[in-house]
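One structure is given here, and the rest of the page talks about it.
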Amino acid sequence: MLKIANRVSSLKSSSIMEISAKAAQLKVQGHEVISLAAGEPDFNTPEAIQAAATVAMKEGITKYSPAPGFQVLREAVAKMVTHENGFPVEPEEVLITSGAKHGLYLALQCLVDPGEAVLIPTPAWVSYRPMIELAGASVIPLPLYEEDGYRPNVDRWKGMAIPPNAKGMIINSPNNPTGVVYSREELVKLTGWALQRNLWIISDEIYEKILYDNLTHTSVAALGPEAKKSTITISGFSKSYAMTGWRLGWSIAEKSFVSKMAALQSQSNSHVTSFVQWAALTACNLDPTIGAAMVSEFDNRRKYCMERLDKLSNYLTYTRPTGAFYIFINLSKWLVPHKMSDLDFCKELLDREYVGVVPGSSFGKENSIRISYATSIDNLKKAFDRIEAYLKRG
Ligand code: PMP
Ligand code: GLU
C-alpha cells in the first residue's frame, strides 16, 4: 500500500463538492434530486464566450502559453479592474489562474510559512482552512455574529489575544456563505485593523459582480496605497460569467509577488488552458447587459427564497443576503429540540427528501445550513416544499 504523506494525511475533499457528487449520484439512480449545495450559476456560459473558445482552437491557440497568462489577457484584466474597481493595476501585477481557487492556493503557498497563523472572519468558505493547513499554518477564526448580521465588527475582537505568529487575514465580500456585502466603512475599519497588526490581506472578491439592492462593490486594494501594497486580490470569471467549469480566475498583487506565484504555477499546472484564456478576452469585453440579466434573475430567486423563509420563522432565522447567491440559515430553533446536528440534518434531507444543502459546520458555524439559490424558481419551489414538509413533520 502506498504511504500517504503526512502533509495530506488528514486532507478531505471539499464538503460542498462531496454533497454535490452525492446528489448527482442519487439523480443517476433515478431520484428527483434538487441540489441547493454547490454555488454555481445554472446558466450556460454566454454564447459569445463559447464562440471565442471555438475560434481560438481553430486558429491554433492550443499550445502552451506563458505561465502568468497571455500578455493580452493580463492587459485586459488590468484595464478592466483599473476601470471597474477603482485602483490602478499594471499587467505585470496580474496572474491568470485556474479559477479563483487555484489563485488562493498559489497565494497562500507563496505567503505562509509553517507555524504561522491566518485570521479568518467566520463563518467562512470551506476551502480556506485546508489550503492554509497544507501550507503548514493554522487558522484563527474571528467570530462573526448573527445578531450583527454576520457583518465584521472589530470591536467584538477587542479582548481576543492575537498571537505574534498571526501574519495575515482573509476577507471575503460579497461573502460565501452568508451573502453579506461589507460596506466601504466596514472594509475601511477591517482593513485598518489588519494593517495596524502588520497583517497581509487576501481579499477574495469572486462574487464582486453579483450584488442586489443597488449596492456597489468595494475592493480592499482600492482603499488606499497602504491597503493595495498589503493585499492580494483574488477574483475570476466563474460566477459573474457563468464559467465555473472553465477554471479561469485572476490574482492581483505587487509584481515581485506575482512573479513568485507565476513561478509556482509554471512548476505545477504550467498555466490556464490556452484557448480558455483566449475566450476570457471576450468575457472581459462582454456586453454588460448579459451579466446584468443573470444578476436580475438571481435577484428574483433571492426574493422568492426570502418569501418562503419568512413563512418558516417558527423553525429558523436567516440573514438577508445582498450579494452572491447564498442564504445562511440558522436552524437552532429546530435542531436543538430535535437534538440533531446540522450535518445529520443535511444527510437526512438528502437521503429522504432528495434536497442537497450544505451544513453550516462546514463553514465553521454549527446549527446552520447554507442554500444556494443559483437554480430555477421551479426547483426552488420544489425544494422549499420538501424542506417545509420535513420541518413541519418534526
Ligand atoms: N472563493 C469563494 C468564496 C468561493 O465561493 C469560490 C467557489 N467558487 C471560490 C473562491 C473559487 O472560485 P473558482 O470557481 O473561480 O475557483
Ligand atoms: N465555491 C462554490 C461553493 O461554495 C463551489 C464549491 C467549491 O468550489 O468548493 O459552493
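The values are calculated or read from the model by the stated rules, or taken from the named source; none is laboratory data. On a predicted model such as this, the values are computed, not experimentally measured, just so you know. Every residue, glycine among them, receives a Cβ derived from its backbone with ideal geometry; neighbour counts consider all protein chains shown. Heads up: the accessible areas ignore ligands, DNA and RNA and are worked out on the full protein's heavy atoms, side chains in. Shrake-Rupley method; radii C 1.70, N 1.55, O 1.52, S 1.80 Å.
Taken over the range 81-95, residues that are under 23 Å from the mean Cα position of the chain (by Cα), crowded, with 17+ Cβ neighbours inside 10 Å and not in a loop (DSSP other than H, G, I, E, B) amount to 5. Here the range 308-366 is the region considered, the condition is being hydroxyl-bearing (Ser, Thr, Tyr) and in contact (Cβ under 8 Å) with a residue 40 or more places away in the chain, and the residue that is surrounded by the most Cβ atoms within 10 Å (Cβ to Cβ) is TYR326. Being within 21 Å of the chain's Cα centre (by Cα) and surrounded by 15 or more Cβ atoms within 10 Å (Cβ to Cβ), is that true of even one residue in the range 7-15? Yes, the range 7-15 contains at least one residue that is within 21 Å of the chain's Cα centre (by Cα) and surrounded by 15 or more Cβ atoms within 10 Å (Cβ to Cβ).
Mind checking whether some residue in the range 118-135 is part of a loop (DSSP other than H, G, I, E, B), within 21 Å of SER13 (Cβ to Cβ) and without any contact (Cβ under 8 Å) to a residue 60 or more places away in the chain? Reasoning before the result, please.
Narrowing the range 118-135 to residues part of a loop (DSSP other than H, G, I, E, B): 123-127, 135.
The next check asks that each one be within 21 Å of SER13 (Cβ to Cβ); those that pass are 123-127, 135.
Filter once more, so that each one left must be without any contact (Cβ under 8 Å) to a residue 60 or more places away in the chain: 135.
There is at least one residue in the range 118-135 that is part of a loop (DSSP other than H, G, I, E, B), within 21 Å of SER13 (Cβ to Cβ) and without any contact (Cβ under 8 Å) to a residue 60 or more places away in the chain.
Considering each residue of the range 177-215, count those that are of a type in the set (S, T, N, Q), within 18 Å of LEU119 (Cβ to Cβ) and surrounded by fewer than 18 Cβ atoms within 10 Å (Cβ to Cβ), and give that number. Before the answer, list the steps.
Going through the range 177-215, the residues of a type in the set (S, T, N, Q) turn out to be 178, 183, 191, 196, 198, 203, 214.
From the residues that got through so far, the ones that are within 18 Å of LEU119 (Cβ to Cβ) too are 178, 191, 196, 198, 203.
Of the ones still in play, those that are also surrounded by fewer than 18 Cβ atoms within 10 Å (Cβ to Cβ) are 196, 198.
Within the range 177-215, residues that are of a type in the set (S, T, N, Q), within 18 Å of LEU119 (Cβ to Cβ) and surrounded by fewer than 18 Cβ atoms within 10 Å (Cβ to Cβ) number 2.
Please go through the range 266-282 and give me each residue that is of a type in the set (S, T, N, Q) and closer than 23 Å to GLY60 by Cα, ordered by number. Show your work before the answer.
Going residue by residue through the range 266-282, those that are of a type in the set (S, T, N, Q) are 266-270, 273-274, 277, 282.
SER266, ASN269, SER270, THR273, SER274, GLN277, THR282, listed by residue number.
Would you confirm whether or not the range 40-63 contains a residue that is within 16 Å of ligand 2 (Cβ to nearest atom), more than 20 Å from CYS284 (Cα to Cα), among the acidic types (Asp, Glu) and assigned to a loop (DSSP other than H, G, I, E, B)? Yes, there is a match, as at least one residue in the range 40-63 is within 16 Å of ligand 2 (Cβ to nearest atom), more than 20 Å from CYS284 (Cα to Cα), among the acidic types (Asp, Glu) and assigned to a loop (DSSP other than H, G, I, E, B). Among the residues of the range 243-256 satisfying the criterion of being open to solvent by 10 Å² or more (accessible area, probe 1.4 Å), within 16 Å of ligand 2 (Cβ to nearest atom) and in contact with a helix residue (DSSP H, G or I) (Cβ under 7 Å, 6 or more places away or on another chain), which is nearest to GLY192 (Cα to Cα)? Result: ARG247.
From the list SER266, SER270, SER274, SER259, which one is open to solvent by less than 10 Å² (accessible area, probe 1.4 Å), farther than 23 Å from GLY86 by Cβ and either in contact with a His (Cβ under 9 Å, 6 or more places away or on another chain) or more than 15 Å from ligand 1 (Cβ to nearest atom) (or both)? Steps first, answer last, please.
On the way: SER266 fails: open to solvent by less than 10 Å² (accessible area, probe 1.4 Å); SER270 fails: open to solvent by less than 10 Å² (accessible area, probe 1.4 Å); SER259 fails: open to solvent by less than 10 Å² (accessible area, probe 1.4 Å).
Unique residue meeting the criteria: SER274.
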